[in-house]
Structure formats: structure tokens, C-alpha cells
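Comments concern the structure below.
The values are calculated or read from the model by the stated rules, or taken from the named source; none is laboratory data. Only a predicted model underlies this, so the values are computations on that prediction, with no experimental measurement involved. Please note: Cβ atoms are built from the backbone with ideal geometry, for glycine as well, and neighbour counts cover all protein chains shown.
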Amino acid sequence: SKIQYHDDSDEDLLE
Amino acid sequence: MAAPPDEESLESRINKATNPLNREIDWDNVKAFCELLSNEPEGPQLATRLLAHKIQSPQEWEAMQALTVLETCMKNCGKRFHSEVGKFRFLNELIKVVSPKYLGSRAPEAVKKKVLEVMYSWTVSLPEETKISDAYQMLKKQGIVKQ
């Protein structure tokens, strides 16, 4: 089955 | 005879769907882009990067078509795409278009207006993507969104 790559990393909100 | 499997990449699809020479929205390529991004494991991540770049284009028609692709995919592509668009990594790229501190002073008015409209619509339709409301509230605080 397809590898479901799930990345939760994110940046900070730009002010 | 069934059409051959579609080797077109997300990149070639988005280029066709946002081509400034299009006389009108190329819905076939918009739909194909949405389907393709859903079927690739890293489709949503790549799609948001491609869309951000197009939305920041100084060419109004190219950016407006990209926003239509974004809007369509948000309605059809499901959770994985929603959560990618709902990240600051992508929302920051939209903020750059409307904020005078970044591209806002040069971006076309119609593009800025549509960015704010789609962001507002997502705060209503996707309340679980809380970062979208955070970004929208910040734009309100900065007076970029008129009260």
C-alpha cells in the first residue's frame, strides 16, 4: 500500500 | 480506448491551469491537478508549494487562476490537503501577498481581495483548522482586513 508520509512540522505565524 | 495513465506532473498541470495565456479557467487541468495531488503521497506538500509560488506572481491573471485552483482543491481534495493549507508554512505565503510589509504594496488589488475572501471562507467552513483563524485574526489586528 502507498506510504502515507505525514509531516506535522510547521513554521511560526508571520507577523 | 482508455486514455494512457496520466504521467503529467503536478508542476506541468499547475503551469497549464494558471497559464496567463488562458482565455478562461481551464477546468480540465484544475480538476486534474486536484486529483493528482490527492493520489501522490507528498502531493499536498508539493501542491501547496507550487500554488504559493503562483499566487505570488505579479501577473494578476496567473495569480487569480492559481487562487481558483486553490479554492477548488480546498472544496474537493479532502483532509490531507486541508491540513497542509492550514499550516503557517502555507498561510505565511498568503500573508506575504496581502501584507504591505512583504509583497502587499506591489500585489494586484484583485488578488489581495480574493486571498482575504478565501481565507475568510475557510475560517467558516474549516473551523478545525485553527491556524487559519489565527492568521486571519492577525490580519484583522494589523488592519489589513477591514473590520
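Every residue in the range B:97-143 that is hydrophobic (A, V, I, L, M, F, W, C), within 14 Å of chain A (Cβ to nearest Cβ) and assigned to a helix (DSSP H, G or I), please. Reasoning before the result, please.
Within the range B:97-143, the subset hydrophobic (A, V, I, L, M, F, W, C) is B:97-98, B:103, B:107, B:110-111, B:115-116, B:118-119, B:122, B:124, B:126, B:132, B:135, B:138-139.
Keeping just the survivors that are within 14 Å of chain A (Cβ to nearest Cβ) gives B:97-98, B:103, B:115, B:119, B:132, B:135, B:138-139.
Within the range B:97-143, B:97, B:98, B:115, B:119, B:132, B:135, B:138, B:139 meet the criteria.
Residue check: is residue B:146 farther than 26 Å from residue A:8 by Cα, over 14 Å from the mean Cα position of the chain (by Cα) and in a helix (DSSP H, G or I)? Lay out the reasoning, then the answer.
Numbers: farther than 26 Å from residue A:8 by Cα: yes; over 14 Å from the mean Cα position of the chain (by Cα): yes; in a helix (DSSP H, G or I): no.
No, not satisfied.
From B:84, B:24, grab the single residue that is modelled with pLDDT of 95 or more and outside any helix (DSSP H, G or I).
On the way: B:84 fails: outside any helix (DSSP H, G or I).
Checking each option against the conditions leaves just B:24.
Among the residues of the range B:34-44, is there at least one that is away from every other protein chain (no Cβ under 14 Å), closer than 24 Å to residue A:13 by Cβ and either surrounded by 16 or more Cβ atoms within 10 Å (Cβ to Cβ) or touching a Leu at 6+ places or on another chain (Cβ under 6 Å) (or both)?
no
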